[in-house]
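K.L.:
Before we start, here is the structure in question, set down as structure tokens.
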Amino acid sequence: MYLHLRRICLLLAVTSSSSPALAADAGHGADLAKRWCASCHVVANGQTQASADVPSFAAVARRPDFNPEKLAFFLLDPHPKMPNFPLSRTEAGDIAAYIGSLRP
Ligand code: HEC
């Protein structure tokens, strides 16, 4: 009985986006990426305009060493060639989850 309840709680935690520690929301990440990143990166299939020498998110996701936690961390750190984004930890995690969802 106790174990069963625990499992339900875990399920709720994973599916609810209001639980910031666990749940990264790839759908929200997609929205953020389209708003903040699409001027330079190809963020989604079918996007026709972006900077030529910037890796697409699909290409980032295909790398063998891709890791959503590392990526979220990278996004929180100011990047020399990228403008500084006002991303929260949760938002960085959501974007990383979205890029992870592009992995083949
Ligand atoms: C003003 C243009 C610009 C915007 C906007 C931008 N980027 Fe970038 N991004 C770049 C450039 C240029 C590079 C390549 C940097 C390099 O080669 O050192 C890069 C590199 C990256 C990389 C690393 C790719 C690699 O080679 O490892 C990631 C991940 C990334 N961007 C994610 C994002 C995300 C997520 C956003 C939106 C929150 C974003 N970028 C918005 C210009 C931009």
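Computed from the coordinates by the stated procedures, all read-outs in this text should not be read as laboratory data. From a predicted model like this one, the values you see are computed outputs, not experimental measurements. So basically every Cβ, Gly included, is an ideal-geometry build from the backbone, and we count neighbours across all protein chains shown.
K.L.:
Over the stretch 47-89, one equal point on each Cα, no solvent: what is log10 I(q)/I(0) by the Debye formula at q = 0.14, 0.16, 0.23, 0.25 Å⁻¹?
P.N.:
One equal scatterer on each Cα of the stretch 47-89 leads to -0.40, -0.53, -1.02, -1.11.
K.L.:
What does the charge add up to near residue 93, with Lys and Arg as +1, Asp and Glu as -1, over the other residues with Cβ less than 10 Å from its Cβ? Walk me through the numbers before you get to the answer.
P.N.:
Working: positive: 89; negative: 25, 69, 91, 94.
The answer is -3.
K.L.:
Also, quick follow-up: Can you tell me, using C-alpha contacts under 8 Å and at least 6 residues apart, the relative contact order of the stretch 24-101 as a whole percent? All intermediate terms of the calculation are to be shown ahead of the outcome.
P.N.:
On the way: 96 pairs, mean separation 36.6, N = 78.
Averaging sequence separation for qualifying contacts and normalising by length gives 47 percent for the stretch 24-101.
K.L.:
Then there's this: Cβ neighbours within 10 Å, averaged per peptide: list 48-61, 89-102, 25-38 in order, most packed at the top.
P.N.:
Taking the mean over residues of other Cβ atoms within 10 Å, the ranking is 89-102, 25-38, 48-61.
K.L.:
Above 12 Å lies some portion of the pair distances; for the stretch 32-71, what is it as a whole percent of all C-alpha pairs? Walk me through the numbers on the way to the answer.
P.N.:
Working: 459 of 780 pairs.
For the stretch 32-71, the share of Cα pairs beyond 12 Å comes to 59 percent.
K.L.:
Taking only the C-alpha atoms, wrap a convex hull around the stretch 24-101 and report its volume per residue in Å³ as a whole number. Please list the in-between numbers first.
P.N.:
Numbers: hull volume 7.0 nm³, N = 78.
With only Cα atoms used, the stretch 24-101 gives 89 Å³ per residue.
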